[in-house]
Amino acid sequence: MYPQQVHGYLQKFFEENNCHILNNNENYMTIQLTIDMDKKIMNRPYYWQYLESTNGVPSPAQLTLITDQNKMKDDIKGEVVHFGSPRLSQLFLVTKELGSFVQMFEKIGELETNVILTPWLGVNYKVSYYSDQTKEMVYSLGINLIRGEIIDGFHESLSQVELDAIMTGDAFQLPFIIKPVRGLERLDEVIENIIQKDDHSWAEEAKSRWKKDLEVLEYFYEGIENKPECYELEKMALEEQYKPKIKLEIINGGLFYKR
């Protein structure tokens, strides 16, 4: 997940959760959190308990997030966010808690008439490769539910579109021809194909390290006919540590009606 992808995700996340973006530079952003969002991500329960018990005036936090530290020219103090960072992982979890599926419509200007909106199914996938090392990637796929066209980078394509939870203006939404369930099946096929074609040398390298550590374990217990229970436990621990595993999960998704 590249810095611009992280930036786009953060922008969409805070906008959709009604947090005002005070400063949106291409490499960082400053956000005024709402009370609800402050409670969810800032980890200061005692502050909110005290305010509620004393009827105090709430002051939700402002947050500055740096998405590309290498391109920062100004001396901006903030929290560096990248794929795999605790803050981004936290926001993924909050997204799941708030609802993993949405329906959004492109906003239509007051002077625009008879605008036709086409339905798209968009899904953000997280692919994790596990062994004694971990590699995680995010893919954002979208399928046009009229034509069947599939694009990668769908989330990034939405960054240029102003969306709303209700359809606005003089617009007409086309009914989908491809059912969302079928669309999801086709996107699942695409992401599985991406995984199959990926470089899986990491798995062979993990097996090689596993074999070496197993040889060391066998050396220590060489000549012992009735091996103790700890031998089996250590052997199982090595398998758990090194055995290659692939995990595919959906972060979130939705129906998006846009031009």
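At 1.4 Å probe size, with every protein chain present, just tell me what the per residue accessible area of the chain comes to in Å².
Values: 15620 Å² over 259 residues.
I get 60 Å² per residue for this part.
Determine how many Å³ per residue the convex hull of the Cα atoms of the chain encloses. Numbers along the way, then the final one.
Numbers: hull volume 54.3 nm³, N = 259.
Here the figure is 210 Å³ per residue.
Non-local amide H neighbours of T64 (under 5 Å, H modeled in plane, Pro and chain starts lacking H): which ones?
Amide H to amide H, under 5 Å and 5 or more residues apart or across chains, T64 pairs with I31, E79.
Pick from E156, E106, E222 the residue whose mean-square fluctuation is largest in a GNM of the chain, springs joining Cα atoms under 10 Å.
Highest fluctuation among the options: E222.
Could you tell me the ratio Rg/Rh of the range 75-163? Both radii from Cα atoms, Rh via Kirkwood. List each step's numbers first, then the result.
Working: Rg = 17.1 Å, Rh = 16.1 Å.
For the range 75-163, the value is 1.06.
If I stretch the segment between R209 and D36 completely, what's the gain in nm (0.36 nm per residue apart, minus their alpha carbon distance), one decimal?
Values: separation 173, 0.36 × 173 = 62.28 nm, distance 4.65 nm.
Once the chain is fully extended between R209 and D36, it gains 57.6 nm.
Taking the Cα centre of the chain as origin, sum charge times position over the Cβ atoms of Lys and Arg (+1) and Asp and Glu (-1), and report the length of that vector in debye to the nearest 20. Spell out each step's value before the answer.
Working: 28 positive and 41 negative charges, 82 e Å.
It comes to approximately 400 debye.
Can you give me the distance in nm between label points at S53 and L248, each placed 7 Å from the Cα along the Cα-to-Cβ direction?
In this crude spin-label approximation the distance works out to 5.0 nm.
Counting only protein heavy atoms, what percent of the accessible surface of the range 103-195 is carbon or sulfur at a 1.4 Å probe? Present the calculation step by step, with values, prior to reporting the outcome.
Numbers: 2550 of 4840 Å².
Heavy-atom surface of the range 103-195 belonging to carbon and sulfur, 1.4 Å probe: 53 percent.
What percent do you get for the relative contact order of the range 69-185 when only Cα pairs under 8 Å and 6+ apart count? Could you put the intermediate results ahead of the total?
Values: 149 pairs, mean separation 34.4, N = 117.
Relative contact order, the range 69-185: 29 percent.
Roughly how many Å² of E185 are accessible to a 1.4 Å probe, to the nearest 10?
Accessible area, nearest 10 Å²: 90 Å².
What are the ³J(HN,Hα) values, in whole Hz, obtained from phi via the Karplus relation 6.51 cos²θ - 1.76 cosθ + 1.60 with θ = phi - 60°, for each residue of the range 58-70 in sequence order, with x given for Gly and Pro?
Listing the rounded values in order: x, 9, x, 6, 9, 10, 10, 10, 9, 9, 9, 5, 5 Hz.
For the range 123-128, take each phi angle, set θ = phi - 60°, evaluate the Karplus expression 6.51 cos²θ - 1.76 cosθ + 1.60, and give the result in whole Hz per residue in order, putting x for glycine and proline.
9, 9, 9, 10, 10, 10
Roll a 1.4 Å probe over the protein heavy atoms and report the accessible area of H7 in Å², nearest 10.
Roughly 20 Å² of H7 is accessible to a 1.4 Å probe.
The values are calculated or read from the model by the stated rules, or taken from the named source; none is laboratory data. Here the structure is a predicted model, which means the values were calculated and not measured. We place every Cβ from the backbone using ideal geometry, glycine too, and count neighbours over all the protein chains shown. Surface accessibility is based on the protein's heavy atoms, side chains included, excluding ligands, DNA and RNA. Shrake-Rupley method; radii C 1.70, N 1.55, O 1.52, S 1.80 Å.
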